[in-house]
Each structure stands twice: as C-alpha cells, then as structure tokens.
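Asker: Input: one structure, supplied below.
The values are calculated or read from the model by the stated rules, or taken from the named source; none is laboratory data. Small disclaimer: the values here were computed from a predicted structure and weren't measured. Methodologically, a virtual Cβ is constructed for each residue, glycine included, from the backbone with ideal geometry; neighbour enumeration extends over all protein chains shown. Ligands, DNA and RNA are excluded from the accessible area calculation, which covers all protein heavy atoms including side chains. Shrake-Rupley method; radii C 1.70, N 1.55, O 1.52, S 1.80 Å.
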Amino acid sequence: VGDPDLCTSPHIVNALIDAAKDPDNHHYPSYLGMPAYRQAVAGWYNRRFGVDLDPDTQVISLMGSKDGVAHIPEALTGPGDYVLVPSPGYPVYSTGALFAEASTYEMPLTRENSFLPDLDAIPKDIAKKAKLMWINYPNNPTSAIAPLSFYQEVVEFARENGIVVVSDNAYSEITFDGYRAPSFLEADGAEEVGIEMHSLSKTFNMTGWRIGMAVGNKEIIRGLGIVKTNIDSGVFNPVQYAAIAALNGPQDCVADACRIYQERRDVLVSGLTKLGFDVTMPKATFYVWMGVPDSISFAARMLDETGIVVTPGVGFGKSGEGYVRFAITRSADRIREAVERMEEVSW
Ligand SMILES: Cc1ncc(COP(=O)(O)O)c(C=O)c1O
C-alpha cells in the first residue's frame, strides 16, 4: 500500500494540537475549506508551479484526494457517459465512475509509449461520449513521469472532444535526481478544460489525516462542491490548520523524505537489476514497477518463498498484467534484507 512509513513533521503535528485546544474549532467546518486553508493552497500552487488560483472560486478542500477522485464522476457523468481511465491506474478512477453509473474506457499505458496514454488510439465514438478523463503523473503504479508537452496534447484533445480533464498529481513532490514534476495547470488552456487534485498525504506523510485539495476550473470546482455538500461536512478545522502549517512552513521535510526514498530506490533497483529482473530506475513516486511473465503467480511466489509483498499489476487494470509493483515504504535496511531474501531463490 502507498502509505509512507515516515512521520508527519512535529511543526505540523503541533499546529493540530494547538488548534484542537480552541473550542471555536469544534464545530462543523466550512464545506469548501477555511479561507485560510484555500489561501495557503493557492499560495503553494503559485510558489511551486507558478500557477495563479483564486482561493474563493478555484480551490476546494478534500478529505484526501480519494474523496475528490471518488465523487467527481457524480458531478459530471451519468448513465451513457464514458470516463477515460488509465490502465494500469489507481482503482478509484473506475469505481467512482461505476458509482455514477457511467462506463469506463481503459487507456492502456504501455512501456512503448513511456506509460502515457496514446490519445490517437482512443476510438472517436468513445471520445465523443467521454465526459471525464483521468491523468496521473508522476504515476501510480508505473512511476512514469509526463512532460509538459503531454499535458498540452491533453488540453487539445479535451477541447476537441468536450471532455473535462482531471489530473491527479498526488505524487508531484516525491521526485529524485533533481527532477521537478509539473502541474497540468501549467499547460496553456488547462484551466479551461480541467482541474487538478492534490494531497498532503504523500508530500507531508499525512495519509491518515485525510486532507487534500482540488484546484482549477471554477465551474468544475463548483460542481464538485455541490456534490460534496451533500455527502460530507468538510475537513476538521485543526487538520486544516495543520495543513496550512505544512504548506506555508519549511519544506525541508519534503526534501528529506525524497532523499530517503531515493536511497531506498537505489538499493532496491540495483538489487533487482543484479538479479536479472526487468526494472528501470524511477524518477518519481515511491513505487518500482517491474516486468514479470505473470503478475499473480509471481506475486504469490514472492510471498510464499521470500515473505515479500508485491502488488500484481493486473490489480490496477488489464494493461497492468506483465508487471508487479514494489512500494519502497520500508527502511533501506529492510529493503536490503528483502533483496538478500530474493537472492536465495532461483528465479
Ligand atoms: C494515484 C493516487 N491518487 C490518489 C490517492 C489517494 O490519496 P489520498 O486520498 O490519501 O490523498 C492515491 C493513494 O494511494 C494514489 O495513489
């Protein structure tokens, strides 16, 4: 599971503690997020990506990005509509569409196309019936990254076909070797066609806190807000204060986490390479995507013979077959031990 083993920084935890002591924070929060939280999100987007957002209309709080991923199809789609989902991909893209009674079309992410969807291969009739398209870079599970030029192509495709694009950018901050991931909203015209979802889960080791954001096109944000006001009642204010401390505070905790993951990545990928496995060095995310002949039987063998859990690629969609995913959410020493255990087995 993509759940960091690293701790949330003390300055973030302390912001929660202080805010939790204030009885004013014990009431229902704002549906859309406190103005101060939405301003902190807009400020972070500006500093990090150079993207300007109006905090009043272009930012909404989420209970983790999963909340937004699961609920946005309710705002935009219904029976007869298509949702374009990456395969392999985060499974909630499809289940969210299913709950809204929309159909899904799986866009294969193949090694030959650098794990980017081939937009020209999407059948024209499906593209015309599609209302929503998911993109997710840096990518779970393949750990692939996307250049800004790809986002530009997505904007054109969305314009031509009248499709709303949602970029799930949950892993933008988990990057290595000096790579900086762009935001979809940096592409020209992106704000006309889409939004981006983001999360503090992976960036600040806050998976359990349940806080994220959706930002971008006003109308789409408004639609998501309407659905959410009927489902939840916002994020507990002290969690929002903690998130403000994370977004506005020192960012060295993010750089420290990336250094730790990078060391783990190096240990795992060099170990797997020595063993002759088909693996490439990821530039982002805390996943390693490895080619295998049959994902379920390989994962079963791995568990039985080494006690190591890897996720079979087919669990992320049909096109995930032929791969397994490692999550480097354990210490470098444990990963060394895992490699040693794999060395004992004749693959
Ligand atoms: C691609 C992707 N999107 C969204 C999420 C949801 O994260 P959260 O709800 O904690 O923000 C995850 C979690 O693993 C993920 O991998």
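Asker: Using θ = phi - 60° and the Karplus curve 6.51 cos²θ - 1.76 cosθ + 1.60, what whole-Hz ³J(HN,Hα) does each residue of segment 241-249 get, with Gly and Pro shown as x?
Answerer: Result, rounded to whole Hz: 5, 5, 5, 4, 4, 5, 6, 8, x.
Asker: Could you list, bin by bin from short to long, the percent of Cα-Cα pairs of segment 114-259 in 5 Å steps?
Answerer: 2, 9, 16, 19, 19, 16, 11, 6, 2, 0
Asker: In addition: Using R₀ = 41 Å, calculate the FRET efficiency as 1/(1 + (r/R₀)^6) where r is the Cβ-Cβ separation of Arg159 and Thr280; round to 0.05. Mind showing how you got there, number by number?
Answerer: Working: r = 33 Å, r/R0 = 0.80.
Plugging the Cβ-Cβ distance into 1/(1 + (r/R0)^6) gives 0.80.
Asker: Can you work out D for segment 252-339 in µm² s⁻¹ from Stokes-Einstein, where Rh is the Kirkwood radius over C-alpha pairs, the temperature is 4 °C and the viscosity is 1.567 mPa s? Mind dumping the intermediate values first?
Answerer: On the way: Rh = 13.4 Å.
This corresponds to a translational diffusion coefficient of 97 µm²/s.
Asker: Report the Stokes-Einstein translational diffusion coefficient (µm² s⁻¹, integer) for segment 113-178, Rh taken as the Kirkwood radius over Cα pairs, at 10 °C with viscosity 1.306 mPa s. Before the final figure, lay out each step's value.
Answerer: Values: Rh = 12.8 Å.
My calculation gives 124 µm²/s for D.
Asker: List the residues whose amide H sits under 5 Å from the amide H of Tyr323, counting only those 5 or more places along or on another chain, with H placed 1.01 Å from N in the peptide plane.
Answerer: Val292, Ser295, Gly313, Val314
Asker: Gain in length, Thr95 to Ser149, computed as 0.36 nm per residue apart minus the alpha-carbon separation, to one decimal in nm? Each step should come with its number before you reach the end.
Answerer: Numbers: separation 54, 0.36 × 54 = 19.44 nm, distance 2.91 nm.
The Thr95-Ser149 span can extend by a further 16.5 nm.
Asker: For the chain, what is the accessible area per residue in Å², given a 1.4 Å probe and the full set of protein chains? Kindly include the intermediate steps, with their values, before the conclusion.
Answerer: Details: 14480 Å² over 347 residues.
Value for the chain: 42 Å² per residue.
Asker: Then there is this: Quick check of the Kirkwood formula: for segment 197-287, what is the inverse mean of 1/r over all pairs of different Cα atoms, in Å? Intermediate values should be presented prior to the final figure.
Answerer: Numbers: mean 1/r = 0.0622 Å⁻¹.
Result for segment 197-287, one decimal place: 16.1 Å.
Asker: Under a 5 Å amide H to amide H cut-off, with H placed in plane at 1.01 Å, what residues pair with Tyr105 once short-range neighbours are removed?
Answerer: Amide H neighbours of Tyr105, under 5 Å, 5+ apart: Val83, Leu84, Val85.
Asker: Just to be sure I understand: of the beta bridges DSSP finds with both ends in the chain, what percent are antiparallel, rounded to 5? Intermediate results must be reported in sequence, preceding the final value.
Answerer: Details: 20 of 37 bridges.
Antiparallel bridges: around 55 percent, rounded to the nearest 5.
Asker: Carbon and sulfur together cover what percent of the accessible area of the chain at a 1.4 Å probe radius? List each step's numbers first, then the result.
Answerer: Values: 7660 of 14480 Å².
Solvent-exposed carbon and sulfur of the chain make up 53 percent of the total.
Asker: Here is a further query. Using amide H atoms built in the peptide plane, which far-off residues or other-chain residues are under 5 Å from Gly189 H to H?
Answerer: none
Asker: Distance cut-off 21 Å, Cα to Cα: go down the list Lys66/Lys131; Lys66/Lys228; Lys129/Lys228 and report the pairs above it. Please list the in-between numbers first.
Answerer: Numbers: Lys66/Lys131 19 Å; Lys66/Lys228 13 Å; Lys129/Lys228 25 Å.
Listed pairs above 21 Å: Lys129/Lys228.
Asker: What list of ³J(HN,Hα) couplings, whole Hz, do you get for segment 294-311 from phi and the Karplus terms 6.51, -1.76, 1.60, once you set θ to phi - 60° and write x for glycine and proline?
Answerer: My calculation for segment 294-311 gives 9, 5, 6, 5, 5, 4, 5, 5, 4, 5, 5, 9, 10, x, 9, 9, 10, 8 Hz in order.
Asker: For an R0 of 22 angstrom, estimate the FRET efficiency from the Cβ-Cβ distance between Thr110 and Arg334 and round to the nearest 0.05.
Answerer: Working: r = 32 Å, r/R0 = 1.44.
So the FRET efficiency works out to roughly 0.10.
Asker: Counting Lys +1, Arg +1, Asp -1, Glu -1, what net charge surrounds Val51 among other residues with beta carbon under 9 Å of its beta carbon? Each step should come with its number before you reach the end.
Answerer: Working: positive: Arg48; negative: Asp52, Glu186, Glu191, Glu196.
With Lys, Arg at +1 and Asp, Glu at -1, the net is -3.
Asker: Identify which of Gln262, Gln240, Gln152 has the largest mean-square fluctuation in a Gaussian network model of the chain, with springs joining Cα atoms closer than 10 Å.
Answerer: Most flexible of the set in this elastic network: Gln152.
Asker: Rule-of-thumb check for the chain: C-alpha Rg over 2.2 N^0.38 Å?
Answerer: With N residues counted in the chain, Rg over 2.2 N^0.38 Å equals 0.99.
Asker: Continuing with the same structure: Using helices alone, what [θ] at 222 nm do you get for the chain, with -39,500 (n - 2.57) per DSSP H run of 4 or more residues, divided over all residues and rounded to the nearest 500? Walk me through the numbers before you get to the answer.
Answerer: Values: 13 runs with 145 residues, N = 347.
Helix contribution divided over all residues of the chain: -12500 deg cm²/dmol.
Asker: For labels at Leu6 and Ser30 in the simple 7 Å Cα→Cβ model, what's the distance in nm?
Answerer: 3.0
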